[in-house]
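The values are calculated or read from the model by the stated rules, or taken from the named source; none is laboratory data. As the structure is a prediction and not an experimental result, all values here were calculated from the model. So basically every Cβ, Gly included, is an ideal-geometry build from the backbone, and we count neighbours across all protein chains shown. SASA here: full protein model, heavy atoms, side chains in, ligands and nucleic acids out. Shrake-Rupley method; radii C 1.70, N 1.55, O 1.52, S 1.80 Å.
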Amino acid sequence: MRKKVDFLVIGSGIAGLCFALKAANYGKVCIVTKSNIDDSSTKYAQGGIAAVIYHPDTYEKHIKDTMIAGDELSDRKIVELTIRESTARVHELVEWGVNFDRTATGRFALAREGGHSEFRVLHHKDITGLEIEQKLIKAVMMNENIEMLENHLAVEIITQHHLGIEVSRRTEHITCYGSYVYNPNTKRVQTILSKITMMATGGIGTVYGNTTNPPIATGDGISMVYRAKGAVAGMEFVQFHPTSLYNPTESPSFLITEAMRGSGAILKDDAGNDFMKKYDPRGSLAPRDIVARAIDNEMKLQGCDHVWLDATHLSKDEIFNHFPNIYAKCLSIGIDITKACIPVVPAAHYSCGGIKTNEWGATSIRHLFASGECASTGLHGANRLASNSLLEALVFSHRACLKAIDEIPQIDFCNSIPEWDTSGTVLNEEMVLITQTRKELQTIMINYVGIVRSNLRLQRAFDRLEILYRETEELYKRSILIPEICELRNMINIGYLIIKNAIDRKESRGLHYSLDYPEHREGNPVTRDAL
Ligand code: FAD
Ligand code: SIN
């Protein structure tokens, strides 16, 4: 049965929930989310949310830090508006009930992370994301204008293509009419028509074998928009977090927040040397791309599986009050971080690229907005400054709502959309084909498209991926649709976009480092439209 809503929101992390809460003041909202409501990267955010709160910090300083981290590829206009709106958006979170840690005098306790010139990261101990996600879910659940459909996976966005009208990447006015969504109760694909659709599907980390991201991060929104011929940008810029806990049996990898280095923890090699000073005068608090590359290099030079993070000199008060979750986690695997160093290794963490949006979160497809990690707003350029992503989601979900309510009175539902076509499909009896291909993809990406790249490695990845792509498309066409095959198809699509954009970028910049092109090339813009 088809459903009609004013606003369809795909995803229930910070971006989707904030948009829904705002849009609900103007119409009926339906949130579809492919797992449990709180299953998101948002829930795992540790360090916090960057915003300009007190003197001596200024908008200008935060703007400058963001521009430096972005390695000249951030869009200055977007950076300025995001940072200037940071204070208002954070206060709104507080009004929704989010508790940030405060000092004894009641002021916000601000932390510092790599690349930040000031203490400006608001946090709730080392579980900031959990606090935000829980408070937003509470507000959403109390709102009668919001319907929440858990375990519903968006399969495709609906465009003219589904009316039999051919569209290409050059077609003007591709329009989004809603989404085809997998309904777990009927095990069928349902049509949801909407006037406005918000894509808020989060990141892509699971494309890599070693990631801090939860399993939902399969790049679905970016793939759906790419297949619908929408603009996607900057996919080569995959951020590896320098310090995930080295614990080979655990997936996803547990994060050791950068805020720990902000509090004074130091990266060391096996011999106890502070090796980061060799790479950057800012040492362990240099921007993430530099630190992750340095660790990767040290591991290769010394032939070891990890380096160490030494927090033993931090006060016990600081450990127990600011990092209780990390303390407990490490203790659970036999490491008392007040006495012993933590084994750490880089892991795929964040996608700076995604669905290209303008300053209102609008995509190249009419009536389709994107916010959060699946979007490429221009804020992060070639490398995201720590704790700027939760902020970006808040700012662009707010701006997208302002624009959407302006557009919605002129939009009608498209009633001629056909139901999902299931002809010629049969039940896929061989899950192994899906699980094995997924593992192969993850191995290809981590081995050939990781922190350090080369022409040879990228070409090898491209060739291997082509085989996986062909096999999976064939399987998809003849199988009755299940979420696992949709996710696999999306992951392969994301792998393709990352590799293609990486091949096209013939320089090293920010998170993209190539052995064949170690220098910057002047005037090189963000890679657009990978095909
Ligand atoms: P998510 O929170 O990931 O939500 C995506 C939602 O979309 C989920 O509900 C998912 O189920 C749903 N979804 C996906 N595909 C579909 C589909 N096909 N159909 C229906 N639903 C779908 N950033 C910071 O700024 N500060 C931090 O301290 C910080 N720490 C981090 C720590 C960790 C361990 C990780 C992994 C990330 C961290 N980040 C941090 C990054 C930040 O958490 C994410 O970028 C941000 O939370 C993304 O929010 P989002 O709403 O875009 O996506
Ligand atoms: C962290 O806490 O180190 C993660 C912060 C981020 O990804 O922005």
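Return the sequence-ordered ³J(HN,Hα) values of region 437-445 in whole Hz as given by the Karplus equation 6.51 cos²θ - 1.76 cosθ + 1.60 applied to θ = phi - 60°, using x for Gly and Pro.
Those phi angles translate into 5, 4, 5, 4, 4, 4, 5, 4, 5 Hz.
Of the listed peptides 101-113, 385-397, what is their order by residue-averaged count of other C-beta atoms within 10 Å, with the highest listed first?
Put in order of decreasing packing, that is 385-397, 101-113.
Highest mean first, what order results for 433-439, 164-170, 305-311, 330-336 on Cβ atoms within 10 Å?
305-311, 433-439, 330-336, 164-170
Report the relative contact order of region 391-525, percent, no decimals, based on alpha-carbon pairs under 8 angstrom and at least 6 residues apart.
RCO, region 391-525: 25 percent.
Just the Cα atoms of the chain: what Rg and Dmax do they give in Å?
22.2, 68
How large a share of the accessible area of the chain, in percent, is made up of carbon and sulfur atoms when the probe is 1.4 Å and the other protein chains stay in place?
51
At a Förster radius of 30 Å, what calculated FRET efficiency corresponds to the Cβ-Cβ distance of ASN358 and HIS91, to the nearest 0.05?
Here the calculated transfer efficiency is 0.75.
Lys/Arg Cβ at +1, Asp/Glu Cβ at -1, dipole of region 380-521 taken about the Cα centre: which of TYR517, SER423, ASN501 is farthest positive-ward?
TYR517
Ranked from highest to lowest mean number of other Cβ atoms within 10 Å per residue, what is the order of the peptides 171-179, 424-432?
In descending order of packing, they fall as 171-179, 424-432.
Residues of the chain: accessible area per residue at 1.4 Å, in Å²?
Computed with neighbouring chains in place, this is 39 Å² per residue.
Zone of ILE480 (label point 7 Å along Cα→Cβ, backbone N under 18 Å): which residues in region 421-448?
421-434
Compute the distance in nm between two label points, each set 7 Å from the Cα along the Cα-to-Cβ direction, one at ASN36 and one at ILE68.
4.1
Summing -39500 (n - 2.57) over the DSSP H runs of n ≥ 4 in the chain and dividing by its residue number, what mean residue ellipticity at 222 nm do you reach, to the nearest 500 deg cm²/dmol?
-11000 deg cm²/dmol
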